[in-house]
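Structure first, commentary second.
The values are calculated or read from the model by the stated rules, or taken from the named source; none is laboratory data. A quick note: this is a predicted structure, and the numbers were derived from the prediction, not measured. Glycine also receives a Cβ, built like all others from the backbone with ideal geometry; neighbour counts cover every protein chain displayed. To get the accessible areas, we keep the full protein, side chains included, count just its heavy atoms, and leave off ligands, DNA and RNA. Shrake-Rupley method; radii C 1.70, N 1.55, O 1.52, S 1.80 Å.
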Amino acid sequence: MPEAITKIEAARRQLVTAIRLFFEDADSVSVYALAHAAWEVLDALCTHRDKTRFREEMTRATGLSEAEIKRIANYGRNFFKHADRKPDDALENFSDDLNDHVLMAACFDYGELADSKPMEMQVFQIWYFAAHPDKALRPEMDLIVKAGERLFSDFANADRKARKQAGLRVAIAAKR
C-alpha cells in the first residue's frame, strides 16, 4: 500500500535503522551511508526551520570554520554516493569509529526538529557520551554523561565490540 512520507519521517527511519545496525555491529559502510543520508536531510530541515544545526554547534565549540567542519563531516559521504569522479579510487582510513560521530550529529539535528526522539536515538546518545565523555560540550549534557556512566559502567575496560553489545542490550531492554 502506497504511503505519504515526510522528509523528517524518512530521515527518522533511516537514522533508527542505522542505529540498530550500528549496535548489531553490522556493516559499517551501510551504517555510515544511512546515517549520513539522514543527517543531510535533517541538516537541511534545521536550516529551513531556523533551528540550530549540529555543524553550527561544532563551529562554536571547536573554533573551526563551518567549511572545515563540513569537510571533516563529509569524509566518506561523496565517496559512497558517487562514482562519476575517480571511479577506481579507494577510500583510505575509513573506520567504524566515524559512525559514532555521524550518528550523533544526526541525532542532535533530529532533536532540534522533533518534540521527542525514538528510543533508539535516546539510547545512542547516552551510549555516545559514555564512549566519548570528552565530547559533552555543554553543562546540560552532564545528565546524559551521568546516565551513560550508570548504564555503561564497564566501558573503561571494554573493547568496541563489547561496547556496542552493551548498547544493543540497553536498546532491547528499553524497547520492552
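Okay, residues lined up against (1) within 23 Å of Gly167 (Cβ to Cβ); (2) not in a helix (DSSP H, G or I); (3) not hydrophobic (A, V, I, L, M, F, W, C):
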site	(1), (2), (3)
Lys86	no, yes, yes
Glu92	no, yes, yes
Leu98	yes, no, no
His101	yes, no, yes
Ala105	yes, no, no
Gly111	yes, no, yes
Glu120	yes, no, yes
Phe124	yes, no, no
Trp127	yes, no, no
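When Gly63 is evaluated against the numbered criteria (1) at positive phi; (2) open to solvent by 70 Å² or more (accessible area, probe 1.4 Å), which criterion, by number, is the only one it fails?
Here Gly63 meets the rest and fails (2).
Within region 129-147, which residues are part of a helix (DSSP H, G or I), out of contact with any His (no Cβ under 9 Å at 6 or more places or on another chain) and in contact (Cβ under 8 Å) with a residue 24 or more places away in the chain?
Residues satisfying the conditions are Ala130, Ala131.
Taking region 88-102 only, how many residues are under 14 Å from Leu21 (Cα atoms) and more than 19 Å from the chain's Cα centre (by Cα)?
Matching residues across region 88-102 total 0.
For residues that are of a type in the set (A, V, I, L, M) and in contact with a helix residue (DSSP H, G or I) (Cβ under 8 Å, 6 or more places away or on another chain), scanning just region 45-85, find the one that is nearest to Met141 (Cα to Cα).
Out of the qualifying residues, it is Met58.
Could you tell me whether region 148-167 includes any residue that is over 26 Å from Ala26 (Cβ atoms) and either assigned to a loop (DSSP other than H, G, I, E, B) or open to solvent by 30 Å² or more (accessible area, probe 1.4 Å) (or both)?
Within region 148-167, one or more residues are over 26 Å from Ala26 (Cβ atoms) and either assigned to a loop (DSSP other than H, G, I, E, B) or open to solvent by 30 Å² or more (accessible area, probe 1.4 Å) (or both).
Quick one: in region 40-55, which of the residues that are open to solvent by 60 Å² or more (accessible area, probe 1.4 Å) and acidic (Asp, Glu) is nearest to the chain's Cα centre (by Cα)?
Restricting to residues being open to solvent by 60 Å² or more (accessible area, probe 1.4 Å) and acidic (Asp, Glu), the top hit is Glu40.
Report, by residue number, each residue of region 29-39 that is open to solvent by 30 Å² or more (accessible area, probe 1.4 Å) and under 12 Å from Asp100 (Cα atoms).
Correct list: empty.
Inspect region 123-140 for any residue being among the hydroxyl-bearing types (Ser, Thr, Tyr) and out of contact with any Asp or Glu (no Cβ under 8 Å at 6 or more places or on another chain) and give the result as yes or no.
No, because not a single residue in region 123-140 is among the hydroxyl-bearing types (Ser, Thr, Tyr) and out of contact with any Asp or Glu (no Cβ under 8 Å at 6 or more places or on another chain).
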